[in-house]
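Report on the structure given below.
Laboratory data are not the source of any read-out in this text; all were calculated from the coordinates shown. This one's a predicted model, so the numbers in the text were calculated from it and none came from an experiment. Counting neighbours? That spans all protein chains shown, and the Cβs are built from the backbone with ideal geometry, glycine included.
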Amino acid sequence: MSDNKGVRRVNEDLARERANCSFDVREITFLLDGGENNTITRKKIEDFTLTDELLSDKVPDECLSPKEKYENAVRKSCLFGKLVKDKLLEFGGLETFGPNSFVLRRIADAFFKEISPLLLHLGMFVPTILGQCTAEQQSEWLPRALSMQVIGTYAQTELGHGTFIRGLETTATYDPETEEFVLHSPTLSSFKWWAGGLGKTVNHCIVVAQLHTKGQCHGTHPFIVQIRDLETHQPLPGIKVGEIGPKLGFNTADNGFLGFDKYRIPRMNMMMKNAQILKDGTYVKLDRHGKMTYGTMVFIRVMVVNEVAFNLAKAATIAVRYSAVRRQSEKKPGEPEPQILDYVTQQHKLFICIATAHALQLTSDWLWRTFSGVVTDIKHGKTDSLPEFHALSSCLKAISTSDAALLIEQCRHSCGGHGYMMSSNLPLIYSFVTATRTYEGDYTVLLLQTARFLIKAWEQAEAGKPLTPTVSYLTKYFKDGRVPWDSTSEGIVNAAYGVAAGKISACVKSIRNRVKTGLSYEDAWDLTTVQLVAAAEAHCRAVICDVYRSEAVRLTEKSSPNVRAVMRQLTTLYLHYWALERIGDLLRYSAVSEEDVVALQQKYEELLALIRPDAVGLVDAFDIRDEILNSTLGAYDGRVYERLMEEALKSPLNAEPVNRSFHMYLKPLMQGKL
Ligand SMILES: CCCCCCCC/C=C\CCCCCCCC(=O)SCCNC(=O)CCNC(=O)[C@H](O)C(C)(C)COP(=O)(O)OP(=O)(O)OC[C@H]1O[C@@H](n2cnc3c(N)ncnc32)[C@H](O)[C@@H]1OP(=O)(O)O
Ligand SMILES: Cc1cc2nc3c(=O)[nH]c(=O)nc-3n(C[C@H](O)[C@H](O)[C@H](O)COP(=O)(O)OP(=O)(O)OC[C@H]3O[C@@H](n4cnc5c(N)ncnc54)[C@H](O)[C@@H]3O)c2cc1C
């Protein structure tokens, strides 16, 4: 399906795999896109935008210097921005463009092999204006931001603090005489650090700073700050700004640093939806919940789950197609070399990647719907659902990013040496996704946020109080005792909840026992954090298993029998995989027996064999075009070796037969003249 460029010869093994696939690939594509119409629109937009003229790079990006790479990324960001502005709006109008923003996300990967320096502008600057500004402020900033006159980023993290937002040191002190805020960086550790696009690209940024007025500090608040001249792009007086240097990935994102020397901004540049400073310096708090200024972070955590699902789908597509093309070793003496996809260990590495990409995408769709409900509640002044949603989005962000990063690395391992080539695209996909585990809230820190909520929920269950939906299972498991074992999918999901409840209960006991020895609650909590992280992880895994299973059943209600069968095989594989991964927990908290464990393993291996003939069809169903995959190993036609050689020949080192270093160093060394 993805073969956009027509009739190139397809590798014979891949062609045979496709011929033997048991289901209509398009049917699963439609399911994943949310309906046939979405697929049709997506493909039209892709055909329309992904033209050679815009995408071609004479020299591979990875062979450029950091400066050239950045310049190329800016060039492409501007082309991409113009394309979105001129052509796509023309193509579908704003109505089409809105619901199809997921298409933009996909095609962006064809433009940027790494990251667009404008990602933070669209990804965080604009959403923060929408979430944190009054209507009046929005009417001032939004049109300028959307037309790209104002280009911005989100500068919260400092050299000294990322996680602990309350510990940020940048100050914004209100001066009623001039009706301005004075921004200041009192220490080296208070310098803003990390914001994407800050180093060289943006002219504005959202700065999170401690608000002082009338001699009092009111905690962190967001401000819109112009940092560069709109005409010359020079940093404005009082601003010290630069780029933070090379990183594991994100190397085209010009992440930057920023310091203020008593820099003044107008009063109205404080984002005033949740709190205001009146002209005389009076502080007015409008946020009844107290954490509404953290809203952009919650929004991005929701987006990130979808983001990593898509990246895992890309890695799985590359690794499965390559494994169908690659032949290695022999199973029996004298037999032809098998496709490496025929090794059961390879299937074990890869099929969980396909299943996890589905699980995370369906969970992300469900999370998005839940989020929309929370946003509607907030609009009506109701914030009761926020604590539960914060706990849910925190753990889903932590687990999805961590699982996706590990599995993408597993895809790379499964491609052997060629997976180490930049041209496979697996290193870049990994470097991008592994950052998601840290940014927008570190893994451990977010799981501990969820754990706080779970411990409170447990105490509510003990007190017989009603619980919110995602923790209502606790009332069922709240008494001690093992969860009965049942090897159906539903039974495994129940057992996963049982494990989570058992772990939460163990944490509560640990904390209470420690408090009994005379420790403060904080110290007892701190000593229990290893268990608390594990409990939050178990809770999150139970939620993902539950949502994946029920959503897959719901979505395939009207599907053809073969599609329903293969989707069922994948969910069952996922549940068995995690039951086996967490068998110690099941032995501790459920009634699973030794024989049940043997049966689980056997069923898991049977599922690998059942899925094997459909593996290529399943990754084809992700329908990710070659321009977006950007991989020598994963292209639709499977011309792996030809592509590897073509890319190797583009290396600048191959542009001349002898490099000058031979004459400068090697020859003198060889001749003893160095
Ligand atoms: C071209 C197309 C492109 C499309 C692209 C789309 C794809 C992707 C999209 C976009 C990519 C953009 C790339 C992004 C790059 C990265 C950006 C950044 O990294 S920006 C920095 C993020 N920084 C953090 O996340 C800090 C993490 N730290 C925190 O959030 C807080 O400090 C935290 C939660 C750890 C603690 O906050 P406390 O110290 O104020 O709160 P405590 O005292 O612990 O708790 C007080 C109460 O508040 C609740 N709370 C905390 N946070 C909450 C929240 N957000 N909502 C609701 N309640 C919350 C807690 O649960 C607690 O509740 P109780 O007291 O137990 O009832
Ligand atoms: C690629 C990338 C892009 C980024 N982009 C931006 C951006 O655009 N804007 C922006 O503002 N920020 C950005 N960040 C910063 C990012 O949000 C922070 O790095 C992240 O929130 C983690 O904070 P930290 O670096 O201070 O880590 P730390 O908090 O110092 O974490 C270090 C270790 O300490 C542990 N730890 C910390 N606190 C606790 C605790 N309470 N309990 C237990 N363990 C703890 C962590 O688990 C971790 O293992 C970006 C980061 C990266 C990597």
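Some observations on this one:
- The aspartates and glutamates whose alpha-carbon is closer than 14 Å to the alpha-carbon of K332, local same-chain residues fewer than 8 away aside, are D342.
- Listed cross-link partners K69/K200; K85/K200; K43/K314; K558/K603; K397/K603; K314/K349 are compared with a 20 Å cut-off, the Cα-Cα value being larger for K85/K200; K558/K603; K397/K603.
- Taking a span of 18 Å or more along the helix axis (Cα atoms) and a mean Kyte-Doolittle hydropathy of at least 0.5 as the rule, the DSSP H helices of the chain that qualify are 295-325, 529-555.
- Cα pair distances in the range 115-257, grouped into 5 Å bins until the bin that holds the longest one, percent each: 2, 10, 18, 23, 22, 16, 7, 2, 1, 0
- In nm, spacing of pseudo-spin labels at L142 and L230 (7 Å Cα→C-beta vector): 1.9 nm
- Flagged links, alpha-carbon separation over 29 Å, of K82/K279; K382/K465; K67/K273: K82/K279; K67/K273
- The Cβ shell under 12 Å around A404 holds other residues with a net charge of 0, Lys and Arg each +1, Asp and Glu each -1.
- Taking the number of Cβ atoms within 10 Å of each Cβ as an exposure proxy, the fewest-first ranking of C507, C205, C217, C63 is C217, C63, C507, C205.
- Residue order for C78, C415, C395, fewest other beta carbons within 10 angstrom first, comes to C78, C415, C395.
- Cα gyration tensor shape of the chain, rounded if a/c is under 1.5, else prolate or oblate by comparing a/b with b/c: oblate
- Residue exposure proxy: D614, D486, ordered by other Cβ atoms within 10 angstrom of their Cβ from fewest to most, comes out as D486, D614.
- Helix-only CD estimate at 222 nm, as mean residue ellipticity for the chain, using -39500 (n - 2.57) per DSSP H run (n ≥ 4): -17000 deg cm²/dmol
- Point-to-point label distance, D442-D377, nm (Cα→Cβ direction, 7 Å offset): 3.0 nm
- Global geometry of the range 208-308, whether rounded, prolate or oblate, following the gyration tensor of its Cα atoms and the 1.5 cut on a/c: oblate
- Computed across the range 225-364, the Kirkwood hydrodynamic radius from all distinct Cα-Cα pairs reaches 21.1 Å.
- For the chain, the list of Cys residues with no other Cys C-beta under 4.7 Å reads C21, C63, C78, C133, C205, C217, C353, C411, C415, C507, C545.
- Prolate/oblate/rounded call for the range 337-390, Cα gyration tensor, a/c under 1.5 rounded: prolate
- Peptides 529-536, 515-522, 343-350 ranked from most to least packed give 529-536, 343-350, 515-522, packing being the mean of other C-beta atoms within 10 angstrom over each peptide's residues.
- The Rg/Rh ratio for the range 563-674, using Cα coordinates for both the radius of gyration and the Kirkwood hydrodynamic radius, is 1.34.
- The range 443-620 has equivalent-ellipsoid semi-axes of 35, 17, 15 Å, by the square roots of 5 times the alpha carbon gyration tensor eigenvalues, sorted largest first.
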